[in-house]
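Written below as structure tokens is the structure these notes are about.
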Amino acid sequence: MTALETLIKLIKTYEGCKLQAYWDDSGDCWTIGWGCTGEHINEDSEWTQEEADREMARRAGSALGAALKASPVLASESAGRQAAIADLIYNLGLYGYIGHSVKPYIDKKEWGLAAEEILLFCHSGGVVLQGLKDRRKSESNLILGG
């Protein structure tokens, strides 16, 4: 699978899809589709499945591009490693990754340390969430898989 295909599989596994906007307390924002947020999303927002899928694919492509730009070493790495970091960016945002303690390990190609570090980020609002634990474990496995 390509990095984008792997990333989309991760997103579909861990985000879930809601076609009516909902308030996400952990992100303190309106959310719709496959975890999409933004100024144009409000309590009245409603999407079709096609709109949700299209926006998720667009954002996934952007997250993958951002991962390669933020950590250029990923360009010569496996699709799995690229997808793992792009998934982190999709979930936390680019600035969440840039300030993340896993980034220096990625940039130095210290894959074992990166895989361990990413597992520590499974909290939302100070609470450990099983879904985030599972997601970070998948990302960690992709990092280790080379």
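Odds and ends about this structure:
- C-alpha long axis of helix 49-70 to longest principal axis of the chain, angle in °: 30
- Estimated distance in nm for a label pair at Leu113 and Leu129, the labels positioned 7 Å out from Cα along Cα-to-Cβ: 2.9
- Under 16 Å from Lys9, Cα to Cα: aspartates and glutamates that are on another chain or at least 8 residues apart: Asp53, Glu55, Asp87, Asp134, Glu139
- When both the range 128-146 and the range 1-65 are represented by their alpha-carbon centers, they are found 19 Å apart.
- Crossing angle, helix 3-14 versus the chain [Cα axis fit, 0-90 degrees, rounded to tens]: 60
- In degrees, nearest ten, helix 79-92 long axis to first principal axis of the chain (Cα): 50
- Candidate cross-link partners of Lys69 among the aspartates and glutamates, defined by an alpha-carbon separation under 12 Å and a same-chain spacing of 8 or more, comprise Asp107.
- Listed by chain and number, the lysines whose alpha-carbon sits under 20 Å from that of Lys12, ignoring those within fewer than 8 places in the same chain, are Lys133, Lys137.
- Working from Cα pairs under 8 Å separated by at least six residues, relative contact order for the chain is 22 percent.
Rule-based calculations on the coordinates, nothing more; no lab input. Computed from a predicted structure; not experimentally measured. Don't worry about glycine lacking a Cβ; one is built from the backbone with ideal geometry, like all the others, and counts go over all protein chains shown.
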